[in-house]
């Protein structure tokens, strides 16, 4: 991770570190534009009692006026490598918790911790550490991005550490995660790739196609074997060709695939994002950050696995070669960009940033929408889609600044 003695968070985050703890009194968020699975209620209310959303407000409930603001479900990030100066791949427990908290300050109430390519024994060791945090409820699980990816499309992964997806080695990582492996990104055209997809499907782990040089036909074969996610669609894979449509076409056209998109203005042209929404539909898109250590932190030099990264003006690139190296994105910024620059309906943004990831992870019964019985995970945004409040399991992580 980065060495930044004396480095500090942005002023915005420092102002919010004094957020008040959960109150013992029920709360009613009243008067806001509440985004529900059935649509937006213009003068709605959300009732919170303890850690849950409830249907009826007790007499002693505290009323919080959110008139003029949006109330949306907490954000869910299925592909995130760190933040706040901390790496999920190499940080200590305390550093990983710092990274998690950084993203919570930006509205991400559920996060899957992603690793990058490393030695197999090291990754197994990291899986053990991260599985303890999953057992404590700090993360929703583990995503292994690499080492089973293509050298041709490696991006910010160390080529000497890459390997073919031998099902036995894939199984080693699954076992090391002790039931908390949620996703593995594979170049499924490599030897053992399709068999590894079948293994993952049998164990209830998401097989994601990414960092791949696959053809259209090879991608279709992997989907038929059980792959269900496109890792950061468009990035680290061949472009669409009119004679060689490649993996992007196969991933967009199949209704079984959820496509990850990084909406930071660097990874994707707005037209590419619109293309994905048009062909996949709002129900098959998951916004991700692919964040590295510098998310919610400062420019400078960082380590992404064994590779050195330079972050300048919020854009992360490898020092050697200049390849984009993850992002410094947070999901509140992705929400605002999607609703303003991209012009997407708020309901579509909520689907892509909350509901769809929850369904993909098999967690929609507890998170991903504002419905009675679910965890009280929510975000308050003003009319310009600026973050004003974050609640996780009934506790204010960011105290509402409603003005």
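The values are calculated or read from the model by the stated rules, or taken from the named source; none is laboratory data. Only a predicted model underlies this, so the values are computations on that prediction, with no experimental measurement involved. Cβ atoms come from the backbone with ideal geometry, glycine included; neighbour counts cover every protein chain shown.
Residues satisfying the criterion are absent from the range 105-114 (criterion: out of contact with any strand residue (DSSP E or B) (no Cβ under 6 Å at 6 or more places or on another chain) and in a helix (DSSP H, G or I)). Which one is farthest from residue 25 (Cα to Cα), of the residues in the range 42-60 that are within 28 Å of the chain's Cα centre (by Cα) and part of a loop (DSSP other than H, G, I, E, B)? It comes out as 51. For the range 211-233, residues that are farther than 13 Å from residue 193 by Cα and surrounded by 24 or more Cβ atoms within 10 Å (Cβ to Cβ) total 5.
Filtering the range 88-103 to residues that are crowded, with 24+ Cβ neighbours inside 10 Å and not in a helix (DSSP H, G or I) leaves 88, 89. Exactly one residue out of 365, 375, 382 is in contact with a strand residue (DSSP E or B) (Cβ under 7 Å, 6 or more places away or on another chain) and under 17 Å from residue 54 (Cα atoms), and it is 375.
Of all residues in the range 351-388, those satisfying the criterion of being without any contact (Cβ under 8 Å) to a residue 40 or more places away in the chain and either over 18 Å from the mean Cα position of the chain (by Cα) or in a helix (DSSP H, G or I) (or both) are 359, 365. Quick one: is residue 211 more than 20 Å from residue 158 (Cβ to Cβ), in the same structural domain as residue 151 (by TED's automatic domain parsing) and modelled with pLDDT of 95 or more? So residue 211 fails the test. If you check 123, 129 for being surrounded by fewer than 21 Cβ atoms within 10 Å (Cβ to Cβ), outside the structural domain of residue 32 (by TED's automatic domain parsing) and in a helix (DSSP H, G or I), only one passes: 129. Within the range 350-403, the set of residues being surrounded by 18 or more Cβ atoms within 10 Å (Cβ to Cβ) and modelled with pLDDT under 95 comprises 400 only. Within the range 277-303, being crowded, with 24+ Cβ neighbours inside 10 Å and over 16 Å from the mean Cα position of the chain (by Cα) holds for 297, 302. In the set (1) more than 22 Å from residue 356 (Cα to Cα); (2) within 20 Å of the chain's Cα centre (by Cα); (3) buried (at least 23 other Cβ atoms within 10 Å of the Cβ), residue 109 fails one condition alone, (1).
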